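The values are calculated or read from the model by the stated rules, or taken from the named source; none is laboratory data. Only a predicted model underlies this, so the values are computations on that prediction, with no experimental measurement involved. So basically every Cβ, Gly included, is an ideal-geometry build from the backbone, and we count neighbours across all protein chains shown. Note: accessible area is taken over every heavy atom of the protein model, side chains too, but ligands, DNA and RNA are not part of it. Shrake-Rupley method; radii C 1.70, N 1.55, O 1.52, S 1.80 Å.
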Amino acid sequence: MSDMFTPAEAALWLKDRDNFLILTHRRPDGDTLGCAGALAVGLREFGKTAYVLENVEATPRYAPFVDDCWAPDGYSFDHIIAVDTASTDLFTENARKYKDSVSLCIDHHGSNTGYAKNLCLVPDVAACGEVVYEILMILTGKVSSDSAERLYVAISTDTGCFSFGNVTPNTFAVTAKLADTGVPIATLNKRLFRSRSPGRVLLEGLLTSDIGFFFGGKVAIACITRDMIETSNATEDDMDNIAEVAAGIEGVCMGITIRELSSLNDCKISVRSVEPYDSNAVCRRFGGGGHRSAAGCTFKKTIDEIKSLLLDVLKEIFD
């Protein structure tokens with residue numbers, strides 16, 4: 001298991017070392033890519049050498065916030081850092097060879113498996129971006145506008161533009177500090193939260209037409225098949241935050257989205273819930289994890305088989 005670090009201890013560890021390679025998780029969101037980009041830039045501004053291992057799954061929505069940090073071919077590093085990545089099961093294909101070599105993991109998931117030699121885990125914050133912010137402030141005494149923009153992406157996306165139940169006073173306090181650096185909040189919010197492609201609109205129409213309601217409407221289950229994706233011409237970028245469609249329905253306490261990936265027997269499940277219901281507890285039953293309000297897991301089964309398994313578990317909770 002990992003040695004546990006506070007953010008101050010993580011900052012000291014970084015101060016005493018150099019030549020870092022930063023890892024992000026597969027199907028990357030704004031938090032993991034925003035944290036990676038901000039950490040790389042912040043370390044460089046402190047005089048360190050830091051790059052991010054290229055994540056080929058980065059979508060056009062978030063790639064611009066880390067594109068200038070990808071590690072060049074042949075980069076020789078001394079230390080590996082993982083951000084916002086709870087387990088090695090979430091490593092990208094090109095990162096799996098490093099699963100036993102991570103020196104420091106910076107995370108906010110209570111489900112973190114302790115795979116890194118050192119772990120800076122702060123589970124009571126809304127986004128890993130809040131942890132990276134604290135580390136950079138301790139290390140350098142400031143966060144530049146360049147790092148701040150990336151951290152805003154990290155925090156705002158992991159909180160649903162500050163609408164989720166994971167938001168705390170610290171979330172707003174950190175965001176206010178980021179705003180002080182000149183982050184273009186209105187521009188970023190429109191890009192990240194208020195713009196939808198035609199493919200996304202069509203996909204939502206197909207998805208909402210077949211949502212199933214269970215346990216008196218407290219649970220909504222939405223399914224996204226490969227046929228739906230192809231019919232709507234939706235891209236991976238269009239999948240961002242798609243789990244909120246089912247979760248955002250009035251009266252729904254737990255929204256579940258089942259999405260077919262590469263085949264009919266390869267599915268990703270996203271669970272969103274409100275108190276007192278625990279998304280993480282549901283996903284843990286199937287080898288996944290996350291937070292109380294948002295968690296996920298994967299299945300090598302068909303959608304109908306997954307629905308049956310989920311409903312058996314949900315009966316214990318909602319009946």
Practice task
Distance between Cα centroids, the range 246-265 to the range 229-245: provide it in whole Å.
Solution key: 12 Å
Completion exercise
Within the chain, pairs of Lys residues whose Cα atoms are less than 19 angstrom apart, provided they are eight or more positions apart or on distinct chains, add up to 13
Completion exercise
Computed over the chain, the relative contact order (Cα-Cα under 8 Å, seq sep at least six) in percent reads 14 percent
Handout entry: Rg/Rh ratio calculated on Cα atoms of the range 277-319 (Kirkwood radius)
Key = 0.96
Exercise for the section: List, in order, the whole-Hz ³J(HN,Hα) value for each residue of the range 253-262 obtained from phi through the Karplus relation with A = 6.51, B = -1.76, C = 1.60 and θ = phi - 60°; use x for Gly and Pro. Expected result: 9, 9, x, 10, 10, 10, 10, 6, 9, 7
Problem - DSSP-defined antiparallel bridges as percent of all bridges, the chain, nearest 5 - result: 45 percent
Practice task
Determine the order of K307, K218, K15 by accessible area, beginning with the largest, at a probe radius of 1.4 Å.
Solution key: K15, K218, K307
Practice task
Hey, can you find the accessible area per residue of the chain for me, probe 1.4 Å, expressed in square angstrom?
Solution key: 44 Å²
Completion exercise
Cα gyration tensor of the range 89-175 diagonalised, 5x eigenvalues square-rooted, in angstrom largest first, produces semi-axes 24, 16, 13
Practice task
Take the Cβ-Cβ distance between S111 and D18 as r, set R0 to 25 Å, and report the resulting FRET efficiency rounded to the nearest 0.05.
Solution key: 0.20
Handout entry: Share of alpha-carbon pairs per 5 Å distance bin for the range 184-252, given as whole %
Key = 3, 16, 24, 21, 16, 12, 6, 2, 0
Fill in the blank from the handout: Of 243-251, 78-86, 93-101, 161-169, ordering from highest average Cβ density within 10 Å down gives 78-86, 243-251, 161-169, 93-101
Completion exercise
The relative contact order of the range 138-274, taking Cα pairs under 8 Å that sit 6 or more residues apart, comes to a percentage of 18 percent
Problem - Percent breakdown of C-alpha pair distances by 10 Å bin, ordered from the shortest bin, for the chain - result: 6, 27, 35, 23, 8, 1
Completion exercise
The size of the Cβ-based charge dipole (Lys, Arg +1; Asp, Glu -1) of the chain about the Cα centre, to the nearest 20 debye, is 120 debye
Completion exercise
Rg from C-alpha atoms of the range 1-71, normalised by the globular rule of thumb 2.2 N^0.38 Å, equals 1.14
